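Notes follow the structure.
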Amino acid sequence: MQTNPVSLPQAKESLQKVFGFDEFLAGQQAVVERLLAGRSALAIFPTGGGKSLCYQLPSLLFEGLTLVISPLIALMKDQLDFLQSRGLPAARLDSSLDRERTLSVYENLAAGRIRLLYISPERLNNERFLQSLRRWKIALLAVDEAHCISQWGHNFRPDYLKIARLAKDLGIGRVLALTATATPAVACDVAAAFGIAPDDVVNTGFYRPNLKLAVTACSSQQRDALLLARLKARAPGPAIVYVTLQKTSEELAELLRAEGYPARAYHAGMEAADREAVQNAFMASDRMIVPATIAFGMGIDKRDIRYVYHYNLPKSLESYSQEVGRAGRDGAESICEMFASADDVVVLENFSYGDTPTAEAVDGLVRDVLGRGDQFDLSAYDLSSQYDVRPLVVKTLLTYLELDGAIRATGPFYAQLRFQPQRKPEEIFPRFDQPRAEFLRKVFGQARKGRIWHTLDVDQASAALREPRERIVAAMNYLEEQGDLIVEAAGLREGYKRVGMPPDLGAVTRSLAERFERREQHDIDQTHRVLEYAEGNGCLTRHLLAYFGEQRGDCGHCARCLGAPGKPLPPPTHRLPDQSDAQVLDALRRERHAALQTPRQMARFLCGLSSPATTRAKLRAHAAFGRLESTPFHAVLKFVENS
């Protein structure tokens, strides 16, 4: 790619005048130099290390749009407030915007008034957005949380694999991938996906000298007392207490309030307005405590978090590194303590087992998908319901088939468009020349008219009018941007082309089932690496850095370096199924729930692991749901099979 004419001195001038910084932070200049030279880069910086400036600054210097893909709406909002306060032409498109604000963003994009646009990965499933994307000149694609691309990353998201393919389809020559948590293997995956050269991987290391790491081995019954003792002994300050289950966050917040602490729970099961209220209160407080699941903290740039406690074990060292990294971004000393109990291992492992599809489900899904012909479309939601496999697992399976060369995605589309006219047709059509006006009249004529909303089956209209569906969608998209219509899409479907029919389908399904089992084992191994960290005798900081490929001596300030020895965790206290559980199981079978027909479905239900079938049947409210949530999944499965 041709190098960009912008020089590094110009970038430094913008750094000072626009952002108010005299110098780059570690790694920032190296990344910016590579982008100015027209090359792609991977930035691996610790949480709070200044990743966002690496694309915000270049967005002011490049001709064209900088597109930022991030799964964190909170991050989008925070960064946008910062940028707009400095008069920078930035915007976001996400599900929280109303129609008027969305149309305003599109209008400014079309006029070239926006230099930086934030979107979520899900926006790439929007057929109309993709059509708009092809009209814009994209100077830089920035991909936040890029570790999600790797199937061995701690937060694999199949949608992320589409980003690399889209970048190639659109001819985007300059990509910046960013992450705070990448092992050497994950970094290689990300770099390979975007064609990033080894010399263009900028890794500043994960060491944060102000973070004081500590681990206290305990039983699950001791954690409340330990947490209260720490809060009493230490100076007040903003704190996050990470938990695994939503109900634990509620119970812990209630306990802390009863003890006189300003505490509020946060988890994904809360209403969006309630979550936002907790977040805003925490940002404004100098002593609030938030017992939260991992949903909290992602993209929240609060500089003065003094304490991060892990009430439950984190699911991996990547998650742990990301979560403790939210403490002390102001550089002041901050304490990160884990209350390590072996009782948590069962819950974490059960989550992994609950995501693994049965060999029968994999076989049925693969034969269904590959038996649909050379060109087909499908709904991941429908497949999820039909085979009782979580939607993420369905998407992952389709991704595996694509990576193995059996199918190729042709793009997402919506089966229907619902539209609500904002002007009369006689006010819309005269603005166009005769052929275009006639085309629009025919499209409108294909819609099924309701009292308020009109419904257009796009494929049916395409066939009837002998016009490409892309032209119909583009026309409706344009009319919405002009304020003529309110348009809603429905029935998301994914288009695919069968590249080749494998000669031995049985071998394919067995291979895929084994791949899911390896993923399951990988997740369980991640949990055991957390146990090794918690029980180890050496420097905690050195242990954590070594996991990410960074060699360093003892830190001198973690709990181990200061003399607190590592010791084995107390043995878990989980119980095995007994006669009372057998009676409950018999009663469940007599109820004949269609969602609980197989032993694995029943075991998931008893372990408190929801599935599409149990959710659809509203069985989460059943008294027996989660009865054995603290019992190892395999023990529950064996109990179900033998009872």
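Can you give me the long-range amide H partners of V241? Hydrogens built in the peptide plane at 1.01 Å from N, cutoff under 5 Å, separation of 5 or more residues or another chain.
V290, A292, Y309
At most 13 other Cβ atoms within 10 Å and a DSSP loop assignment: could you name the trypsin sites (Lys or Arg not before Pro) in the range 430-460 that fit?
In loop regions of the range 430-460 (DSSP not H, G, I, E or B), the sparsely surrounded trypsin sites (Lys or Arg not before Pro) are R451.
Among 192-203, 173-184, how do they line up from the highest to the lowest mean number of other beta-carbon atoms within 10 Å?
Highest mean packing first, the order is 173-184, 192-203.
Considering only DSSP states other than H, G, I, E and B, which trypsin sites (Lys or Arg not before Pro) in the range 555-634 qualify as loop sites with at most 11 other Cβ atoms within 10 Å?
R575, R592, K618
Measuring from label point to label point, each 7 Å out along Cα→Cβ, what is the K137 to E591 span in nm?
Once both label points are built, they end up 6.3 nm from each other.
Between the range 269-334 and the range 549-608, how many Å separate their Cα centres?
If you average the Cα positions of each part, the centres end up 24 Å apart.
Go through H310, A327, F429 and say which Cα lies farthest out towards the positive end of the charge dipole of the chain; charges sit on Cβ, +1 for Lys and Arg, -1 for Asp and Glu.
So the residue furthest toward the plus end is F429.
Select one label from (1) 60, 34, 19; (2) 42, 35, 24; (3) 42, 29, 27: the one whose number is semi-axes √(5λ) of the Cα gyration tensor in Å as derived from the coordinates shown.
(2)
As a test, work out the antiparallel percent of DSSP beta bridges whose residues both lie in the chain, rounded to the nearest 5.
Around 35 percent antiparallel, to the nearest 5.
For the range 412-497, give the magnitude of the charge dipole about the Cα centre (Cβ charges: +1 Lys/Arg, -1 Asp/Glu; no others), in debye to the nearest 20.
For the range 412-497, the charge dipole is close to 260 debye.
Once amide H atoms are built 1.01 Å from N in the peptide plane, which residues 5 or more positions from N203, or in another chain, come under 5 Å H to H?
Close amide H contacts, sequence-distant or interchain: I44.
Tell me which residues come under 5 Å, amide H to amide H, from A340 once H is placed; ignore anything under 5 positions away on its chain.
When sequence neighbours closer than 5 places are left aside, the close amide H contacts are T216, A217, C218.
Per DSSP H run of at least 4 residues, take -39500 (n - 2.57); add these up for the chain, divide by its residues and hand me the 222 nm value, nearest 500 deg cm²/dmol.
It comes out at -13500 deg cm²/dmol, rounded to the nearest 500.
Considering only G173, Y266, Q221, whose Cα is most displaced toward the positive end of the charge dipole of the chain, charges sitting on Cβ of Lys, Arg (+1) and Asp, Glu (-1)?
Going by the charge dipole, the pick is G173.
Which whole-Hz ³J(HN,Hα) couplings does the range 145-150 yield from phi under the Karplus relation 6.51 cos²θ - 1.76 cosθ + 1.60, θ = phi - 60°, glycine and proline marked x?
Once rounded to whole Hz, the list reads 6, 5, 4, 5, 5, 7.
Using the Cα centre as the reference, give the magnitude of the dipole from point charges on the C-beta atoms of the range 8-203 (Lys, Arg: +1; Asp, Glu: -1; all else neutral), rounded to the nearest 20 debye.
500 debye
In the range 511-546, which residues have a backbone nitrogen under 14 Å from the label point lying 7 Å from K638's Cα in the Cα-to-Cβ direction?
From the range 511-546, the list is empty.
Which of the pairs K51/K302; K315/K567; K162/K395; K12/K51; K424/K449 have their Cα atoms more than 18 Å apart in this structure?
Violating the 18 Å limit, Cα to Cα: K315/K567.
From the phi of every residue in the range 551-560, what ³J(HN,Hα) in whole Hz does the Karplus formula 6.51 cos²θ - 1.76 cosθ + 1.60 yield, where θ is phi - 60° and glycine or proline is x?
8, 8, x, 4, 7, x, 9, 7, 4, 5
Sequence gap at least 6, Cα distance under 8 Å: using those rules, report the relative contact order of the chain to the nearest whole percent.
Relative contact order here is 14 percent.
May I ask you to evaluate 6.51 cos²θ - 1.76 cosθ + 1.60, the Karplus curve with θ = phi - 60°, for each residue of the range 131-141 and list the ³J(HN,Hα) values in order in whole Hz, giving x for glycine and proline?
5, 5, 4, 5, 8, 9, 8, 9, 7, 8, 10
Report, in debye and to the nearest 20, how large the dipole of the chain comes out about its Cα centre when Lys and Arg carry +1 and Asp and Glu carry -1 on their Cβ.
In debye, rounded to 20, the chain gives about 940.
How many nm separate the modelled label positions at R165 and A621, each set 7 Å beyond the Cα in the direction of the Cβ?
With each label point 7 Å from Cα toward Cβ, the separation is 4.0 nm.
Taking 0.36 nm per intervening residue step and subtracting the Cα-Cα distance, what contour gain separates E276 from A185 on full extension?
Computed gain between E276 and A185 is 29.2 nm.
So if R0 is 25 Å, what FRET efficiency would D94 and W453 give, r being the distance between their Cβ atoms, rounded to the nearest 0.05?
0.60
Bear in mind these aren't lab numbers, they're just calculated from the coordinates by the rules spelled out. Quantities reported herein were computed from a predicted structural model and do not represent experimental measurements. A quick note on method: Cβ atoms are made from the backbone with ideal geometry, for glycine too, and the neighbour counts reach across all protein chains shown.
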